[in-house]
Amino acid sequence: MTRKKIKLAFITNVAARNAAYRKRKKGMVKKLSELTILCGVEACVVIYPSGSNSQPEVWPSTVAARSMFSEYKTLPVNRMVNQESFLEQWIKKATERLEKLQEENRRKELIQVMFQNLGRKELQNVKKEDLEELGWLIDQNLKDIDKRIHALVKAYAYGGKQED
């Protein structure tokens with residue numbers, strides 16, 4: 001049986017709010033405890049309950065939390081990333097990926113044009129600005145074919161000598 005969706009809003013009834021606070025706090029501490037055990041990570045929680053004279057509640061202990069916070073503060077600044085630098089890095093990587101895919105698409109388009117025009121006396125559907133790149137691509141393919149032929153001839157000759 002599924003639970004009904006609750007509306008996230010401030011609970012005006014004080015008794016209901018305190019009950020919800022206790023249940024949710026207990027659930028959060030349990031989940032965090034499971035996370036530290038299952039994944040072998042260090043974690044802590046500091047909860048400031050409502051009320052002016054309330055003391056913060058700390059899990060697992062105040063000493064452990066202070067230790068984790070002081071360790072966090074000693075981390076080098078370059079390991080910490082703010083939202084802006086994170087987004088800049090993400091955009092840079094996405095732009096590089098886009099450029100690489102555009103180059104790959106361009107190469108595939110030229111290969112398609114090359115094969116479409118194979119055996120024809122005149123080039124069809126080729127723009128003037130594509131001719132230089134198409135020529136380079138054809139030269140590369142011819143070089144690759146020559147290398148493969150030489151490798152096969154060498155392998156055949158080497159194989160023939162072994163049979164003697």
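The values are calculated or read from the model by the stated rules, or taken from the named source; none is laboratory data. Keep in mind that what you see is a predicted model, and the values were worked out from it rather than measured. Here the Cβ positions follow ideal geometry from the backbone for every residue, glycine too, while neighbour counts run over all protein chains shown. Note: areas computed on protein heavy atoms with side chains; ligands, DNA, RNA excluded. Shrake-Rupley method; radii C 1.70, N 1.55, O 1.52, S 1.80 Å.
Which residues, counting only those in segment 115-162, are surrounded by 10 or more Cβ atoms within 10 Å (Cβ to Cβ), under 21 Å from GLU103 (Cα atoms) and among the acidic types (Asp, Glu)?
Passing the criteria: ASP130, GLU133, ASP139, ASP144.
Which of the residues that make up segment 96-122 are charged (D, E, K, R) and within 30 Å of the chain's Cα centre (by Cα)?
As a first pass, look at segment 96-122 and keep what is charged (D, E, K, R): 96-97, 99-100, 103-104, 106-109, 120-122.
Correct list: GLU96, ARG97, GLU99, LYS100, GLU103, GLU104, ARG106, ARG107, LYS108, GLU109.
Among the candidates LEU110, LEU75, single out the residue that is out of contact with any Phe, Trp or Tyr (no Cβ under 7 Å at 6 or more places or on another chain), at pLDDT below 90 and part of a helix (DSSP H, G or I).
Exactly one residue qualifies, and that residue is LEU110.
Return the residue satisfying two criteria in turn: it lies in segment 53-95 and is of a type in the set (D, E, K, R) and more than 15 Å from the chain's Cα centre (by Cα), and of such residues it is farthest from SER33 (Cα to Cα).
Going residue by residue through segment 53-95, those that are of a type in the set (D, E, K, R) are 57, 66, 71, 73, 79, 84, 88, 92-93.
If we keep only those that are more than 15 Å from the chain's Cα centre (by Cα) as well, we get 57, 66, 71, 73, 79, 84.
Numbers: GLU57: 15, ARG66: 17, GLU71: 20, LYS73: 23, ARG79: 26, GLU84: 32 Å.
Going through the qualifying residues, I end up with GLU84.
Here's a check for you: in segment 22-57, which residue that is assigned to a loop (DSSP other than H, G, I, E, B) and open to solvent by less than 80 Å² (accessible area, probe 1.4 Å) is modelled with the lowest pLDDT? Lay out the reasoning, then the answer.
First, pick out the residues of segment 22-57 that are assigned to a loop (DSSP other than H, G, I, E, B): 40-44, 48-56.
Applying the additional criterion that residues be open to solvent by less than 80 Å² (accessible area, probe 1.4 Å) yields 40-41, 43-44, 49, 51, 54, 56.
Working: GLY40: 94, VAL41: 93, ALA43: 94, CYS44: 94, PRO49: 85, GLY51: 72, SER54: 81, PRO56: 89.
Only one residue fits best here, namely GLY51.
So the check is Cβ under 7 Å with 6+ separation or different chains; which pairs have a first residue in segment 127-140 that's assigned to a helix (DSSP H, G or I) and a second one that's open to solvent by less than 30 Å² (accessible area, probe 1.4 Å) and at pLDDT 85 or above?
ASP130/LEU110; GLU133/LEU110; LEU134/LEU110; LEU137/LEU110
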